[in-house]
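Read the structure below first, then the notes.
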Amino acid sequence: MANEVLKKGGEVASEVLGETRSFDFEGMRFGVKVWRASASDARAHGTSTVPIVLVHGFAQQASTWDDTARLLADAGARCFGFELAGHGAGACSAGGDPAERPDFFDLCFQARALLAFCRVVARDAGVAPVLVGYSMGGRVALRAACLAADDLRGGDQLNRTALRSSAAIAPRGRDRRLDAIAALILESAGLGPVDDAAREALRERNFAWAARVRGEGVSAFMNWWAGLPLFESQRNLANDQQKRLRVGRLANDAESLALSFERAGAHVMPPKQETIRALCELSRRGIPVNYLAGELDAKYCKVLADLRAESQGAISCRIVPAAGHNVHLEQPEAFGAILEEVVESCTPEPAAP
């Protein structure tokens, strides 16, 4: 059972700008960072907007959202950075040793924890949050949305029959089973393997990477990781941004990173076609889905193009100019503007006097 009060003595409504807390779920402690407008900014805006839950990528922490979250907080939004297993402030278990409970790193376990956290945010805010996931965090956010759609009863495999049933997914506002998520935004996120051969290739790659980080250590592995073509555009970031990015990557332990590859990699996702069907059904039933990719990221622009074609307009797909794989880091203002637009579309109209 999820702990419905964030640690440190207060509920979600009592958070302050930039404070780090934690969220307990079935023995796992997840780190949470919170940004909100100052009291004067909140009074100036005078409205209650939909909260935003942000999920970072591999080897990152919630602080990767700082620039975007502060822009959104200045506009009156409350943002929550949810840290994945073994990342940031979260401990893997009571003893903090990831090897004690490798199941905490399972994609489905983390998705269930994220969904439970979204429900706490929704309860305390009085409105469901917009859920945003980047890269690996996008996989977890996607899985959480599918679990919500499956009425939390489908187990580890997506129940496609339930997804097609109006009893399992009803328009938001009429079925409280989907009140945990107001909208889903996926940033540079994979959608799953296209077939068994692709799944096996991804599994072999991820296990090889896990062996590499265990064998070489975090520093050497991250030197290699940062040099991947996927992150080429990040070499154009300001020196202080590149330094913070590296410091964040080095703040991880090898076993946690290895388990993330093995137990939450793309090879454990449902098939791509099943994922796209689920996303389309979410959109059709009142949960808007947005997919974002940077124009300099050829790999995920191709994912976006395939999703746009196969969803036949059911999913909003946007390419962000002058950005690579990490859109929110490379173009925080453009990314924030898109989030503001989604939040505004999800914000309930004020009650009539």
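Distance between the modelled labels on Asn236 and Glu341, one decimal in nanometres: 2.1 nm (7 Å Cα→Cβ projection).
Take the Cα of Lys299, step 7 Å toward its Cβ, do the same at Phe207, and the gap between the two points is 2.0 nm. Residues whose amide H falls under 5 Å from that of His325, counting only those 5 or more places apart or on a different chain, are Ser233, with hydrogens built in the peptide plane. Given 0.36 nm per residue, what is the gain on full extension from Ala309 to Lys243 after removing their alpha carbon distance, in nm? Length gained, Ala309 through Lys243: 19.9 nm. Between Arg318 and Leu250, the modelled labels are 3.5 nm apart [label points 7 Å from Cα along Cα→Cβ].
Over the Cα atoms of the stretch 57-149, compute the convex hull volume and normalise it per residue, giving Å³. Given the Cα convex hull of the stretch 57-149, per-residue volume reads 100 Å³. Shape class of the stretch 251-344 from the alpha-carbon gyration tensor: oblate, with a/c at 1.5 or above and b/c at least as large as a/b.
Where a number appears in this text, it was derived from the coordinates with a stated rule and is not lab data. Values in this document were obtained by computation on a predicted structure and should not be read as measured data. Cβ: placed from backbone, ideal geometry, glycine included. Neighbour counts: every protein chain shown.
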